[in-house]
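Below is one structure, written out as structure tokens; the observations come after it.
The values are calculated or read from the model by the stated rules, or taken from the named source; none is laboratory data. Here the structure is a predicted model, which is why all the values come from computation and not from measurement. Methodologically, a virtual Cβ is constructed for each residue, glycine included, from the backbone with ideal geometry; neighbour enumeration extends over all protein chains shown.
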Amino acid sequence: MSTVLRSTAPSFSLRPGQLIAATFSLLALSRSRAQLAQLDGAALEDIGVSLDQAKREASRPVWDVPCNWLR
């Protein structure tokens, strides 16, 4: 008797256009987080973000996307 191993990882597929769009979105997110990390206290205050919040967001990995992207 043989045993079949199955992956528990979710399976999904993207069309080439979707893959390109997702790649550009992730690059834009990465750039935005890098720019956020460069803002000074006055600029952060202007947009209503604390220094701790900015540091936390800027340090997130690129694949850790905003929750509304997952819907």
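With respect to Leu39, determine if the residue is at pLDDT 95 or above, over 16 Å from the mean Cα position of the chain (by Cα) and surrounded by 10 or more Cβ atoms within 10 Å (Cβ to Cβ). Taking the combined requirement at face value, the residue satisfies it. Here Arg71 meets the list (1) at pLDDT below 90; (2) surrounded by 12 or more Cβ atoms within 10 Å (Cβ to Cβ); (3) not hydroxyl-bearing (Ser, Thr, Tyr) almost entirely, failing just condition (2).
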